[in-house]
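> Below: one structure in structure tokens.
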Amino acid sequence: MTDLIHHTYLKEVFPLKIILLGAPGAGKGTVSKLLTALDGSVQISTGDILRGAVKAGTPLGKEAQGFMDRATWSPIRSSWHHGAAASGAGLPEGLLLDGFPRTISQADSLDALMKKINVKLDLVASIEVPRDVILDRLTTRRTCSNASCQEIYNIKSNPPAAGDKCKKCGSPTIQRADETVEAISKRLDVYNEKTAPLIGYYEKTGMLLKISEPGSDGVVKAIQKGIAAKK
């Protein structure tokens, strides 16, 4: 009976059209994947798209590599259009934006675009995580070097296999260049300067929900409740 009620509740709440805000390492990607698994929404993660472009050696990837090495923002407009095309999104029933918009001007452009294609946001979720927690979380993170795998580990809570090998495919795991203490600190500083103002921007629209739940499951439940309250 509980499963039936939960399923009915999800059908009323989903599919979603939301923006996930949060500093690097706040858990936006994990939350996006959990939400996508629930309702099949199209997840557009600019970070994943750009890292894939870097690996493939595309012109966008070559440009993005320099930004990543400097731990500054990568070009977003191209990745947004590329992500929509690659996902086959068109005009999706569900849409999760992870990593876009990152500035007020991008938010204005996104608002104009969504009005043009008659898509209305359900919610803007801001995942609030303390700076020290993010630093610890990202500096201990390791990623599978296999581009088709990219399984993520944490040397404290979920370490890779012996020899720093991926448990899933056996490839070496690595620490990304943008996940050193210096790089992360710079990314957080840039976030606070460029992206944090979006919290005020969306707060004025009444769409913002601040979430400080400690785990990804808690964040997902908070998003569900937040959207249900708006229905």
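The values are calculated or read from the model by the stated rules, or taken from the named source; none is laboratory data. Bear in mind that the values here come from a model prediction, so they are computed numbers and not experimental data. Cβ placement follows ideal geometry from the backbone for every residue including glycine, while neighbour counts extend to all protein chains displayed. Only protein heavy atoms, including side chains, enter the accessible area calculation; ligands, DNA and RNA are left aside. Shrake-Rupley method; radii C 1.70, N 1.55, O 1.52, S 1.80 Å.
> Restrict the check to segment 140-150 and report whether at least one residue is open to solvent by less than 30 Å² (accessible area, probe 1.4 Å) and in contact with a Leu (Cβ under 9 Å, 6 or more places away or on another chain).
No, the conditions are met nowhere in segment 140-150.
> Next question, about the same structure. Within segment 95-139, can you find the residues that are in contact with a strand residue (DSSP E or B) (Cβ under 9 Å, 6 or more places away or on another chain), open to solvent by 10 Å² or more (accessible area, probe 1.4 Å), touching a residue at least 24 places away in the same chain (Cβ under 8 Å) and farther than 30 Å from Gln175 by Cβ?
Answer for segment 95-139, where residues must be in contact with a strand residue (DSSP E or B) (Cβ under 9 Å, 6 or more places away or on another chain), open to solvent by 10 Å² or more (accessible area, probe 1.4 Å), touching a residue at least 24 places away in the same chain (Cβ under 8 Å) and farther than 30 Å from Gln175 by Cβ: Leu95, Val119, Lys120, Leu121, Asp122.
> Could I ask something else about it? Of all residues in segment 167-187, count the ones that are in contact with a helix residue (DSSP H, G or I) (Cβ under 6 Å, 6 or more places away or on another chain), surrounded by 14 or more Cβ atoms within 10 Å (Cβ to Cβ) and among the hydrophobic types (A, V, I, L, M, F, W, C).
Here the count works out to 1.
> I want to confirm something. Restricting to segment 154-192 and keeping residues that are of a type in the set (Gly, Ala, Ser) and either touching a residue at least 24 places away in the same chain (Cβ under 8 Å) or in a helix (DSSP H, G or I) (or both), which single residue is nearest to Ala26 (Cα to Cα)? Steps first, answer last, please.
Step one: filter segment 154-192 for residues of a type in the set (Gly, Ala, Ser), giving 157, 161-163, 170-171, 177, 183, 185.
Retained after the next criterion (residues that are either touching a residue at least 24 places away in the same chain (Cβ under 8 Å) or in a helix (DSSP H, G or I) (or both)): 171, 177, 183, 185.
On the way: Ser171: 26, Ala177: 18, Ala183: 16, Ser185: 14 Å.
Step by step, filter segment 154-192, then rank; the result is Ser185.
> Open to solvent by 40 Å² or more (accessible area, probe 1.4 Å) and either closer than 19 Å to Val31 by Cα or not in a helix (DSSP H, G or I) (or both), is that true of Lys225? Write out each step before concluding.
Values: open to solvent by 40 Å² or more (accessible area, probe 1.4 Å): yes; either closer than 19 Å to Val31 by Cα or not in a helix (DSSP H, G or I) (or both): yes.
Answer is yes for this residue.
> Only one of these conditions is not met by Arg102: (1) over 30 Å from Gly226 (Cα atoms); (2) modelled with pLDDT under 90; (3) not aromatic (Phe, Trp, Tyr). Which number is it?
That leaves (1) as the condition not met.
> If you don't mind, another one. Filter segment 193-220 down to residues that are in a helix (DSSP H, G or I), free of Cβ contacts under 8 Å to residues at least 12 places away in the same chain and open to solvent by less than 90 Å² (accessible area, probe 1.4 Å), then give me how many there are. Let's see the steps before the verdict.
Applying the first criterion (in a helix (DSSP H, G or I)) to segment 193-220 yields 193-194, 197-203, 216-220.
Pick out the ones that are also free of Cβ contacts under 8 Å to residues at least 12 places away in the same chain and you get 193, 200, 203, 218.
Now drop any that are not open to solvent by less than 90 Å² (accessible area, probe 1.4 Å), which leaves 200, 218.
Qualifying residue count for the region: 2.
> Ok, one more. Looking at Ser171, is it among the hydroxyl-bearing types (Ser, Thr, Tyr), out of contact with any Ser or Thr (no Cβ under 8 Å at 6 or more places or on another chain) and more than 23 Å from Ile19 (Cα to Cα)?
Working: among the hydroxyl-bearing types (Ser, Thr, Tyr): yes; out of contact with any Ser or Thr (no Cβ under 8 Å at 6 or more places or on another chain): no; more than 23 Å from Ile19 (Cα to Cα): yes.
Here the answer is no, as Ser171 does not meet what is asked.
> Name the single residue that is most open to solvent (accessible area, probe 1.4 Å) among those in segment 17-52 being charged (D, E, K, R) and modelled with pLDDT of 80 or more.
Narrowing segment 17-52 to residues charged (D, E, K, R): 17, 28, 33, 39, 48, 51.
Filter once more, keeping what is modelled with pLDDT of 80 or more: 17, 28, 33.
Values: Lys17: 45, Lys28: 28, Lys33: 113 Å².
Looking at the filtered set, the residue picked out is Lys33.
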